[in-house]
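Colleague: The structure under discussion is supplied below as structure tokens; questions concerning it will follow.
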Amino acid sequence: MPKVRERGSTHVYKVNKISKEEVDSMVARCIYEEPPFCNAACPLKLDTRAMLKAAAAGDFKKALQLYEKATPFPLVLSAGCEAPCEAKCRLCERGEGLAIRAVEQAVARFGGPPRAGSVFRTKKKKTVAVIGSGLFALFLAGELEKKAYPTTVFCEQADAEGFLRAAAGFLDEAAFALELERLKKKDLQFVFGCKATAAFLEETRPAFDVVCVSEDVFTELFPEAAVAPELMFCEGETLVTGSGSGVMSAAHNAKKAALTVDRLAQNLDPANMRGQEDPFQSRLYTDLSEATDLTRVPAAGELYTREEAVREAGRCIQCHCEECMKSCAYLQHYKKYPGLLGREIYNNTQIIMGDHQLNKPMNACTLCGQCTVVCPNGFDMAHICASSRRNMVSTDKMPLAPHEFALMDMMFSNGEAFLARPQPGFTQCRYLFFPGCQAVAIAPETVKAAYQDLCSRLEGGVALMLGCCGAICDWAGRYEMQESTREFLLNELAKLGNPAIIAGCPTCRKELTESVGGEITGIWDILDKIGLPEGARGLDRPVALHDACGARGDAHTQEVIRRLAEKLGITLAETEDSGDRSPCCGYGGLTAYANPEVADEITQKALERSDAPFLSYCMACRDRFARQGRESRHLLELIYGTDAGAPPDISEKRYNRLTLKKELLWELWHEETAEMKLDYELHYTDEARQLMDSRMILTDDVIAVMNAYRENGEAILESETGLAVACLRIGNATFWVKFTEDGPDSYTVHRAYSHRMNVVRREG
Amino acid sequence: MAIDRTYYSIDPEGKLQCMKCRVPLVKGKAKFLYLGNGFPVELPVCPVCGFVYVPEELALGKVLSVEKALEDK
Ligand code: SF4
Ligand code: SF4
Ligand SMILES: [Zn+2]
């Protein structure tokens, strides 16, 4: 019996199958965290999207809090901002962009009365002076107060009202009154009626750690001195200063100046560590197809009412790039955008000691490649997950449990159930038919019909190979097994004189092209060329065509399949996300073994696309859909008039493989296979069958346990249920069977279970 | 004397019998071994032949969760 080695626990290998650079460059493709276009265009970095969301929900208080993060004086700013964000709003591409400034004005007016800062706020030690008045001085004083610097404003006006009027005299009366209240609530010291002369400056300077002056004061006192405009700093005079021709530039410059103050107060070079201070172009992608509300809400009066502002804010489509998450049920399940999930999965591979908490998501991706197609930047989650799996294998950290059943199944396909023969009557054939392990397991009759058809209509002989292409170990990340499978197949092909391979499944075709190489044709290509066999007929109802992941990016195959469907007289129902955008059926990447829950969600999502019966050209897809109770047919079933019927359980799949091999050997090559017959009767209750299928226990495992029991008589009797329980360690697991002995040589299996842990007797 | 710390314990309470030896199972010493880790446990054991019984609830409950935790180490 073949066996896969369980992983060790003490080895510490470091063989990276995926480099950090590779991951970094891939993660950088995910633009989920890019800011929306409006936000990137705002010099003050207002979180426009969040503010609009709050306003659209009628929560003006929260909207104002968000707005105040960008500016200390929301009424002043919103009254005069040039709103460069508006031109960058994505809605402009379809109609009228959002009236962001008008909403801001409403937010500033309806967001509630100004609040004083908390009295418990700890203030900074260093002190700052602001000399002068005007917009820049006003905003700078506000920014410094926000940063908790003890700040004193020296101005020539007689009171706070005069100071505000000098800066923002353009405000209407109501707004002015509100903003004055806000100014007065700020934790600022004022010294009014100061004349800013050179002597006054020299006298004031020693009392403060940093001194800032308005543009007017600066040009009057130092007409010749140079100011670094990006820093708002005059190094020669050690003064922070800045200008502002309008509200927006004054507010922006005040922000830069406040950062310079921050750096100077800490004795740091003001030129360093400044971050992104200016507007930039966002790399975000937004799907505009759902943007329908393309006209601005008109204001009945001069300004928006509360309701009008709510409606206008509601037009914001909340730009986000979620293209992959919309289409992929796996990403939806883990609720993380791929840049983050991919990074976490990579980091998981780098853990030497400790929990690998991301093993589950790493093994749940179907490696289908859909995200790479739907992502505007081609993010390739499959690459990250596949290389991470290989990495876990190479460092001996990959648990065997999630994939062992599939790997054993593959070894069964390429062992006991393997068959390679030239067409009867030929010693060497021109072709070889490779139907794929799933087709043999799920639809043996169809495979047989297809093979006989190819034999009868192709010149030069068609050899047959029943086995697995190696996709299973490829998906499991078992690269060494992949290599030995490749060698095994190469060797078997050589024995047959290296005929040209005709693959029955697009995944086999892809896998074999990569492993054994050469020109590999799909059976669909052959049938397209030689024509359909007699009696081939489609369904009389429209069907939804499901494109296989194995044919992603393969326009030729997709086209040929559609042509065959047409020749069969099939009407294809409109199915969204088809062709290259097709989702996975849930079988790919061994998700169905490692994480059946996620696999089911993936299958459901694929089925949601249509109510029609599904037509596929990969047998695994046919099986997944049928398991969910949907009418599901493989193209070859229609072509050969066969019906694989209800999906087989895991034991039946193995049985089907063996039986087909036996039948073909007998019928075509007249070879007899030794019959493995039990010398006792074994029955299963329905419950036992169901438990075995969901717990991945084969009838072969149960038979092995029963054989052992019949030999050694070891079992336990449960007095409560009257059931006998026997067990046997097979490979990496212990199997338990609960049964009744109905007669001397007859048993009924009631339940079965297994565990991987070894349980042994302990002395002492 | 070393303290015998047991990770898990089940008493068969006379409800289980060894079919081979025809005696009731008793609470006995056993060990879980997986991926190089070991834990002492107490399980139903045949006092004569030493057969260790792992009930279904244990296999699908505690044993499975310990397996999973160790697999992801
Ligand atoms: S739709 Fe909303 S989030 Fe998108 S750019 Fe326009 S205002 Fe910004
Ligand atoms: S399941 Fe497919 S679409 Fe989803 S992340 Fe994996 S490769 Fe991408
Ligand atoms: Zn016994």
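The values are calculated or read from the model by the stated rules, or taken from the named source; none is laboratory data. The structure displayed is predicted, hence computed values, not measured ones. Because the Cβ atoms are built from the backbone with ideal geometry, glycine has one as well, and the counts that use them run over all protein chains shown. For accessibility, only protein heavy atoms count, side chains too; no ligands or nucleic acids. Shrake-Rupley method; radii C 1.70, N 1.55, O 1.52, S 1.80 Å.
Colleague: Looking only at region A:254-266, count every residue that is open to solvent by less than 30 Å² (accessible area, probe 1.4 Å) and farther than 17 Å from A:GLU235 by Cβ and tell me the total.
Modeller: 2
Colleague: Quick one: which of A:ALA401, A:ALA364 is within 14 Å of another protein chain (Cβ to nearest Cβ), away from ligand 3 (no atom under 16 Å from the Cβ) and in contact with a Phe, Trp or Tyr (Cβ under 7 Å, 6 or more places away or on another chain)?
Modeller: Just one listed residue meets the conditions, A:ALA364.
Colleague: Got at least one residue in region A:341-358 being surrounded by 17 or more Cβ atoms within 10 Å (Cβ to Cβ), within 14 Å of chain B (Cβ to nearest Cβ) and within 11 Å of ligand 2 (Cβ to nearest atom)?
Modeller: Scanning region A:341-358 turns up at least one residue that is surrounded by 17 or more Cβ atoms within 10 Å (Cβ to Cβ), within 14 Å of chain B (Cβ to nearest Cβ) and within 11 Å of ligand 2 (Cβ to nearest atom).
Colleague: Turning to a different aspect of this structure: May I ask you to say which residue of A:LEU717, A:LEU691 is without any contact (Cβ under 8 Å) to a residue 12 or more places away in the chain and within 14 Å of chain B (Cβ to nearest Cβ)?
Modeller: A:LEU717
Colleague: Under 7 Å by Cβ, and 6 or more places apart or on different chains, what pairs join a residue from region A:558-578 that is touching a residue at least 24 places away in the same chain (Cβ under 8 Å) with one that is of a type in the set (Phe, Trp, Tyr)?
Modeller: Qualifying pairs under 7 Å: A:VAL560/A:TRP524; A:ILE561/A:TRP524; A:ILE561/A:TYR617; A:LEU564/A:TRP524.
Colleague: Follow-up. Out of curiosity, is A:GLU597 in a loop (DSSP other than H, G, I, E, B), surrounded by fewer than 22 Cβ atoms within 10 Å (Cβ to Cβ) and out of contact with any helix residue (DSSP H, G or I) (no Cβ under 6 Å at 6 or more places or on another chain)?
Modeller: For A:GLU597, the condition - in a loop (DSSP other than H, G, I, E, B), surrounded by fewer than 22 Cβ atoms within 10 Å (Cβ to Cβ) and out of contact with any helix residue (DSSP H, G or I) (no Cβ under 6 Å at 6 or more places or on another chain) - is not met.
Colleague: Another one. Which condition number does A:LYS326 fail, the rest of (1) crowded, with 22+ Cβ neighbours inside 10 Å; (2) within 13 Å of ligand 2 (Cβ to nearest atom); (3) over 21 Å from A:TYR587 (Cβ atoms) being met?
Modeller: The number of the failed condition is (1).
Colleague: When region A:60-70 is examined, which residues are found to be of a type outside the set (Phe, Trp, Tyr) and under 13 Å from A:VAL103 (Cβ atoms)?
Modeller: A:ALA63, A:LEU64, A:LEU66
Colleague: Could you tell me whether any residue of region A:484-491 is touching a residue at least 40 places away in the same chain (Cβ under 8 Å) and among the polar types (S, T, N, Q)?
Modeller: yes
Colleague: With respect to A:ALA148, determine if the residue is more than 21 Å from A:ALA257 (Cβ to Cβ) and either in the same structural domain as A:VAL76 (by TED's automatic domain parsing) or surrounded by fewer than 14 Cβ atoms within 10 Å (Cβ to Cβ) (or both).
Modeller: Judged against the criteria, A:ALA148 is not a match.
Colleague: When you check A:PHE405 against the structure, is it assigned to a helix (DSSP H, G or I) and either within 23 Å of B:LYS73 (Cβ to Cβ) or more than 16 Å from ligand 2 (Cβ to nearest atom) (or both), yes or no?
Modeller: yes
Colleague: Still on this structure: Quickly run through region A:714-742 and pick out the residues that are under 48 Å from the mean Cα position of the chain (by Cα) and of a type in the set (Ser, Thr, Tyr).
Modeller: Answer for region A:714-742, where residues must be under 48 Å from the mean Cα position of the chain (by Cα) and of a type in the set (Ser, Thr, Tyr): A:THR721, A:THR734.
Conditions tested, residue by residue: (1) in contact (Cβ under 8 Å) with a residue 24 or more places away in the chain; (2) not hydrophobic (A, V, I, L, M, F, W, C).
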{"residue": "B:SER9", "(1), (2)": "yes, yes"}
{"residue": "B:GLY14", "(1), (2)": "no, yes"}
{"residue": "B:GLU42", "(1), (2)": "yes, yes"}
{"residue": "B:VAL45", "(1), (2)": "no, no"}
{"residue": "B:VAL48", "(1), (2)": "yes, no"}
{"residue": "B:GLU57", "(1), (2)": "no, yes"}
{"residue": "B:LYS62", "(1), (2)": "yes, yes"}
{"residue": "B:SER65", "(1), (2)": "no, yes"}
{"residue": "B:ALA69", "(1), (2)": "no, no"}
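Colleague: Could you tell me which residue of region A:724-748 is farthest from the other protein chains (Cβ to nearest Cβ), considering only residues that are of a type in the set (A, V, I, L, M) and open to solvent by 20 Å² or more (accessible area, probe 1.4 Å)?
Modeller: Among those that are of a type in the set (A, V, I, L, M) and open to solvent by 20 Å² or more (accessible area, probe 1.4 Å), it is A:ILE730.
Colleague: Looking at this structure, is A:LEU590 touching a Pro at 6+ places or on another chain (Cβ under 9 Å), open to solvent by less than 10 Å² (accessible area, probe 1.4 Å) and either within 16 Å of ligand 3 (Cβ to nearest atom) or not assigned by TED's automatic domain parsing to the domain that holds A:TYR330 (or both)?
Modeller: So A:LEU590 fits the description; yes.
Colleague: Another one. So, in region A:46-64, how many residues would count as being assigned to a loop (DSSP other than H, G, I, E, B) and either crowded, with 19+ Cβ neighbours inside 10 Å or away from ligand 1 (no atom under 13 Å from the Cβ) (or both)?
Modeller: Number satisfying all stated conditions: 4.
Colleague: Further, regarding this structure: Name the residues in region B:51-73 that are facing chain A (nearest Cβ under 7 Å), of a type outside the set (A, V, I, L, M) and either open to solvent by 20 Å² or more (accessible area, probe 1.4 Å) or closer than 18 Å to B:LYS29 by Cβ (or both), would you?
Modeller: B:PHE51, B:TYR53, B:ASP72, B:LYS73
Colleague: Same structure again: So, restricting to strands (runs of 3 or more DSSP E) that lie completely within chain B, which ones have at least 3 residues that are at pLDDT below 95?
Modeller: B:26-34, B:37-45
Colleague: Can I ask one more? Are any residues in region B:30-40 within 8 Å of another protein chain (Cβ to nearest Cβ), without any contact (Cβ under 8 Å) to a residue 24 or more places away in the chain and within 13 Å of A:VAL760 (Cβ to Cβ), and if so, which ones?
Modeller: B:ALA30, B:LYS31, B:LEU33
Colleague: Out of A:SER582, A:SER515, report the one residue that is open to solvent by less than 30 Å² (accessible area, probe 1.4 Å), under 30 Å from A:SER694 (Cα atoms) and among the hydroxyl-bearing types (Ser, Thr, Tyr).
Modeller: Result: A:SER582 is the single residue among A:SER582, A:SER515 that is open to solvent by less than 30 Å² (accessible area, probe 1.4 Å), under 30 Å from A:SER694 (Cα atoms) and among the hydroxyl-bearing types (Ser, Thr, Tyr).
Colleague: What is the one condition in (1) assigned to a loop (DSSP other than H, G, I, E, B); (2) touching a residue at least 12 places away in the same chain (Cβ under 8 Å); (3) among the small types (Gly, Ala, Ser); (4) more than 20 Å from A:PRO613 (Cβ to Cβ) that A:GLY517 does not satisfy?
Modeller: (2) is the only condition that A:GLY517 fails.
Colleague: Please state which of the following conditions A:ASP686 fails to meet, knowing it meets all the rest: (1) more than 16 Å from ligand 3 (Cβ to nearest atom); (2) in contact with a Ser or Thr (Cβ under 9 Å, 6 or more places away or on another chain).
Modeller: Of the numbered conditions (1) more than 16 Å from ligand 3 (Cβ to nearest atom); (2) in contact with a Ser or Thr (Cβ under 9 Å, 6 or more places away or on another chain), the odd one out for A:ASP686 is (2).
Colleague: Still on this structure, I have one more. Right, A:MET692: part of a helix (DSSP H, G or I) and either more than 16 Å from ligand 1 (Cβ to nearest atom) or at pLDDT below 95 (or both) or not?
Modeller: So A:MET692 fits the description; yes.
Colleague: Quick check, is A:LEU635 open to solvent by 20 Å² or more (accessible area, probe 1.4 Å) and among the aliphatic types (A, V, I, L, M)?
Modeller: no
Colleague: Now for a different question. Kindly provide the set of residues from region B:19-40 that are farther than 23 Å from A:LEU400 by Cβ and surrounded by 20 or more Cβ atoms within 10 Å (Cβ to Cβ), ordered by number.
Modeller: B:LEU25, B:ALA30
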